[in-house]
1. Show the residues, 5+ positions off or on another chain, whose built amide H is closer than 5 Å to the amide H of Cys128.
2. Which entries in the list Lys22/Lys130; Lys101/Lys309; Lys101/Lys212; Lys130/Lys317; Lys71/Lys317; Lys158/Lys317 go over 31 Å, if you measure between the two C-alpha atoms of each?
3. With r as the distance between the Cβ atoms of His152 and Arg306 and R0 = 51 Å, compute the FRET efficiency 1/(1 + (r/R0)^6) and round to 0.05.
4. Under 5 Å between amide H atoms, partner at least 5 residues away or on a different chain: which partners does Thr297 have, H built in plane at 1.01 Å?
5. Determine, from the Cβ-Cβ distance of Asp26 and Gln164 and an R0 of 56 Å, the FRET efficiency 1/(1 + (r/R0)^6), rounded to the nearest 0.05.
6. Express in nm, to one decimal, how much length is gained between Trp69 and Ser116 on full extension, taking 0.36 nm for each residue of separation and deducting their alpha carbon distance.
Amino acid sequence: MPFGEGGSEPHWQEVQLKPVAKLGKDLLMDPQQLVLGSRGEILVYDAGAEAPVLHLAANGTLINRIGGWGKGPGEISPRFVGVIAGYRDGHVDLFSLSQLKVLRFQEDGKWIADISLAGTQMAGAVVCGKQVFLRLLSPEQFMRIDRLSGTHQTEVVKAVSIQQLAEAAPELARVAKNPLLNQGPTICDSSGNVYCSFIYSSLLLGFRPDGKLFFINNLPEAIELPEFKRYSEKYDFTSPPINQFPVVSVALAVDDRYLYRLYVGFRTDQAKMNGRKLSELSNEGTVLDVYDRANGTYMFSAHLPRAAKSIAIGDGKLYLLSTDPDIGIFVYQIPRHWGSS
């Protein structure tokens with residue numbers, strides 16, 4: 001099946017997620033991102049805490065804090081929100097967009113190095129082993145792959161252009177003229193593959209460690225690519241998509257079988273699931289679209305029980321970071337029939 005073409009009718013699941021635990025109630029202040037470690041430990045990026053990252057045990061107990069706020073070594077400017085760019089092999093990597101650097105720590109919180117990144121037009125970064133995948137905001141370049149070289153710098157290995165992507169999927173040529181599309185959550189799987197989402201679209205792209213595009217998600221309906229309009233050259237105002245109710249991609253998660261896209265807002269398609277559109281559910285929580293990681297095929301969607309900022313999947317459980325109506329990490333048992341027809 002060509003990239004971007006849909007298959008059969010969507011399979012909607014009213015998944016009943018069994019609550020198992022609520023973690024971090026007395027620790028979290030303004031949490032933004034959740035990441036799981038291989039041993040079940042939890043990292044939370046918290047913009048309101050005394051340190052950027054909280055390192056928690058699987059039961060929610062605080063192990064240590066990582067990083068600091070400021071402009072010095074091992075510190076992120078408090079005016080800008082960073083992200084957890086990687087967590088493996090005992091290393092925790094933070095990405096600071098404002099400072100254009102990756103901050104590397106041991107998981108016990110000890111600072112190792114600040115790694116400078118060349119360039120100025122970046123939207124995000126994810127660290128996979130010895131490589132750094134950078135989302136770029138250039139009209140010509142979509143993504144760049146850097147190799148960690150020494151302790152404090154990287155070297156450019158490959159740049160992926162919009163034109164190269166358009167050769168595989170012609171509709172992606174529109175990305176070059178729409179800066180709203182070339183931003184969104186990015187995630188790396190255990191094999192070093194990188195998946196990119198788009199804030200205002202259901203489009204998902206996957207890249208091998210060598211930068212080759214291998215994954216574009218299929219949907220039963222056409223993937224929406226929102227319009228872009230500049231309102232004022234003087235003030236450089238730009239609009240969100242002109243779709244009346246845009247999709248807003250919030251986070252990605254990945255396991256050995258599936259790629260998960262978390263979004264809020266309204267779907268722009270007309271697909272109905274059990275007699276009602278997903279748009280009717282958006283104010284009741286957050287929706288999870290699930291795709292086969294091997295080929296990008298849309299599998300099913302699930303309505304989560306509460307609004308979420310970030311999710312992680314591990315050990316048969318769904319970890320949901322929420323601040324509405326209350327702050328916490330909500331852990332749910334994934335049913336065994338998850339993904340079955």
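1. Phe133
2. Over 31 Å Cα-Cα: Lys22/Lys130; Lys71/Lys317; Lys158/Lys317.
3. After rounding to 0.05, the efficiency reads 0.75.
4. Here Asn218, Asp292 satisfy the definition.
5. 0.70
6. Full extension of this stretch gives 15.2 nm more.
Each reported figure results from applying straightforward, stated rules to the coordinates on display, with no laboratory input. Quick caveat: nothing in here was measured; it's all calculated off a predicted structure. Because the Cβ atoms are built from the backbone with ideal geometry, glycine has one as well, and the counts that use them run over all protein chains shown.
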